[in-house]
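Beneath this line is the structure, given in structure tokens, with notes to follow.
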Amino acid sequence: MSEKSGTSNGSGHKIAYATLLTRPTYLAGVIILAYSLHKHSPSTPLIIQYTPSTLPHPCIKALESESKHCNIILHPVEHLRIPPRGPNGTAAATTPDHGMVAERFADTWTKLRVFDIHALPQSFDYICFLDADTLVRRDPLPFLLSDESTRYLAGEQGRLRVLATHVCVCNLDADAWAPPSWTPQNCAYTGAHGADAVPEVRGGHETLAMFNSGVFVFRPSALLAGFVQSRFRAEDGGVLRGMKFPDQDFLNGVFAGRWRGVSWRVNALKTWRYWHAGVWTGDEEPAVVHYIVDKPWAQRVGRRPVQDGRGEESVAGYKGQDGVTHSWWWAEYEAWVANRGFFSASDGVEREVLGTVRKYVAGEEREERESEDEGMRAIGGGAQDYAKKWVSGVGRGRVLGERGHGPVVRQV
């Protein structure tokens, strides 16, 4: 099978991955995602949807250059905006425009453009969307498309279905943004044991019927694209603006009763290494690591003495507990730099690309890049401060963070 044509899962089906880039501060994330995917599944293309209107030309040039080394298909798209009016052309509802837990989620509506991939010249039987803040650690395909999963997506009904992983609803800090039902007892992963565990999707249940939209699989078609688009256009703009996790809340509504769970390995939130050790039984298990909250490229991994005074340990993340998983990202980045550095010795374009990507990666000093660039601070150690400053719709001083399994707004 030729490059950029898609991987076959053994049944002759063509498969591709897709991601979205709307901001230059996520450039390094997308580049290393592509590099890591190509390392573990070189015959599987990554379709990078990007918004030319919000990306500096050097960033687009970097994507074009990387496509020469990795199996990348570039797909420029326009931002997807919330309809200014309500359904059927009526005036939009008066729901306040402050539902989102964090401001960076404003761009995530454009993620719905992934359903337009059916119109590309290349045709694919399955698309797996990956958020830009993910890293491939092993080939995800065996965990995505089992015989049961492909049967679920087969036939006419399967054309309007998706595969995904459950949302974690532990809310161990009892934060104000979460509903009362968000407790460890209602979390799908609390009762799961063993790396092969796949929690049951319980239709109608307030928490056990919810999926995380960071990774999902579907069969691209005009039918599915029209189905999603019609739901988006029909929804009241005020309701859309009031959603805490925009694309995720919307997609859960669209695909209620239309999704099946797959292995947590394909969407392993970094915090699960210590929050859900019952399934994360070894660091070799995750196929795709999802770097929620602060992004590894925004701040270097630090070191600190271990509690017993014997040696040191890596430190990263909001609580300093993500040193191991962030180190994985940095190892891939350094490997990428070494590889591209070889070509840059004789290629001015490659040197320019290295410089562009480095602009959006933390320097040797942990605080160097963060202190210089507000955008980097918003996705790094300052991610907590850049969450929307409200609790129950009212701004109340400085906002701290996102921790655990998702954004957390805490009043201080």
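Test of understanding: among Trp280, Trp264, which residue is touching a residue at least 24 places away in the same chain (Cβ under 8 Å), surrounded by 23 or more Cβ atoms within 10 Å (Cβ to Cβ) and under 22 Å from His40 (Cα atoms)?
Only one candidate qualifies: Trp264.
Tally up the residues in segment 244-290 that are among the aromatic types (Phe, Trp, Tyr), in a strand (DSSP E or B) and closer than 18 Å to Ile379 by Cβ, please.
The total comes to 0.
Looking at the structure I just gave you, is Phe227 in a helix (DSSP H, G or I) and surrounded by 18 or more Cβ atoms within 10 Å (Cβ to Cβ)?
no
Quick test of your reading of the structure: Tyr189 fulfils all but one of (1) surrounded by 13 or more Cβ atoms within 10 Å (Cβ to Cβ); (2) closer than 23 Å to Lys14 by Cβ. Name the failing condition by number.
(2)
(1) in contact (Cβ under 8 Å) with a residue 40 or more places away in the chain; (2) at positive phi: which one isn't true of Gly311, the others all being true?
That leaves (1) as the condition not met.
Given the criteria farther than 24 Å from Lys244 by Cα and among the aromatic types (Phe, Trp, Tyr), does Tyr152 qualify?
yes
Does Leu160 count as buried (at least 17 other Cβ atoms within 10 Å of the Cβ), of a type outside the set (Val, Ile, Thr) and in a strand (DSSP E or B)?
no
Might you let me know whether segment 384-403 holds any residue that is outside any loop (DSSP other than H, G, I, E, B), among the small types (Gly, Ala, Ser), in contact with a strand residue (DSSP E or B) (Cβ under 9 Å, 6 or more places away or on another chain) and modelled with pLDDT of 75 or more?
Within segment 384-403 (the criterion being outside any loop (DSSP other than H, G, I, E, B), among the small types (Gly, Ala, Ser), in contact with a strand residue (DSSP E or B) (Cβ under 9 Å, 6 or more places away or on another chain) and modelled with pLDDT of 75 or more), the answer is no, since none of the residues qualifies.
Select from segment 103-124 the residues that are in a loop (DSSP other than H, G, I, E, B) and among the polar types (S, T, N, Q) and list them in ascending order.
Gln122, Ser123
Taking into account only those residues within segment 322-354 that are polar (S, T, N, Q) and assigned to a helix (DSSP H, G or I), which is modelled with the lowest pLDDT?
Ser344
Could you identify the single residue in Arg104, Arg137, Arg81, Arg85 that is surrounded by 19 or more Cβ atoms within 10 Å (Cβ to Cβ), modelled with pLDDT under 95 and among the basic types (Lys, Arg)?
Going through Arg104, Arg137, Arg81, Arg85 in turn, just one is surrounded by 19 or more Cβ atoms within 10 Å (Cβ to Cβ), modelled with pLDDT under 95 and among the basic types (Lys, Arg): Arg104.
Can you name every residue in segment 301-321 that is surrounded by fewer than 17 Cβ atoms within 10 Å (Cβ to Cβ) and in a loop (DSSP other than H, G, I, E, B)?
Once the filter is applied, which keeps residues that are surrounded by fewer than 17 Cβ atoms within 10 Å (Cβ to Cβ) and in a loop (DSSP other than H, G, I, E, B), segment 301-321 yields Val306, Gln307, Asp308, Gly309, Arg310, Gly311, Lys319, Gly320.
Pick from segment 262-296 the residues that are out of contact with any Leu (no Cβ under 9 Å at 6 or more places or on another chain) and among the hydrophobic types (A, V, I, L, M, F, W, C): which of them is nearest to Gly363 (Cα to Cα)?
Val293
Taking the stated definitions as given, is Val293 touching a residue at least 24 places away in the same chain (Cβ under 8 Å), outside any helix (DSSP H, G or I), touching an Asp or Glu at 6+ places or on another chain (Cβ under 6 Å) and buried (at least 21 other Cβ atoms within 10 Å of the Cβ)?
Considered against the rule, which asks whether it is touching a residue at least 24 places away in the same chain (Cβ under 8 Å), outside any helix (DSSP H, G or I), touching an Asp or Glu at 6+ places or on another chain (Cβ under 6 Å) and buried (at least 21 other Cβ atoms within 10 Å of the Cβ), Val293 comes out as yes.
Within segment 355-363, is there a residue that is among the β-branched types (Val, Ile, Thr), part of a loop (DSSP other than H, G, I, E, B), out of contact with any Leu (no Cβ under 8 Å at 6 or more places or on another chain) and surrounded by 18 or more Cβ atoms within 10 Å (Cβ to Cβ)?
Within segment 355-363 (the criterion being among the β-branched types (Val, Ile, Thr), part of a loop (DSSP other than H, G, I, E, B), out of contact with any Leu (no Cβ under 8 Å at 6 or more places or on another chain) and surrounded by 18 or more Cβ atoms within 10 Å (Cβ to Cβ)), the answer is yes, since at least one residue qualifies.
Only one residue in Ser221, Ser181 is closer than 13 Å to Val162 by Cα, in contact (Cβ under 8 Å) with a residue 12 or more places away in the chain and among the hydroxyl-bearing types (Ser, Thr, Tyr). Which one?
The match here is Ser221.
Within the group Ala234, Ala154, which residue is in contact (Cβ under 8 Å) with a residue 40 or more places away in the chain and surrounded by fewer than 21 Cβ atoms within 10 Å (Cβ to Cβ)?
Ala234
Within segment 205-218, can you find the residues that are among the hydrophobic types (A, V, I, L, M, F, W, C) and touching a residue at least 60 places away in the same chain (Cβ under 8 Å)?
Of everything in segment 205-218, those that are among the hydrophobic types (A, V, I, L, M, F, W, C) and touching a residue at least 60 places away in the same chain (Cβ under 8 Å) turn out to be Val215, Phe216, Val217, Phe218.
Which members of segment 125-157 meet the condition of being farther than 24 Å from Trp329 by Cα and in a loop (DSSP other than H, G, I, E, B)?
Asp125, Leu145, Ser146, Leu153, Ala154
The values are calculated or read from the model by the stated rules, or taken from the named source; none is laboratory data. Computed from a predicted model, the values in this text were never measured in an experiment. Positions of Cβ are backbone-derived with ideal geometry, glycine not excepted, and every protein chain shown enters the neighbour counts.
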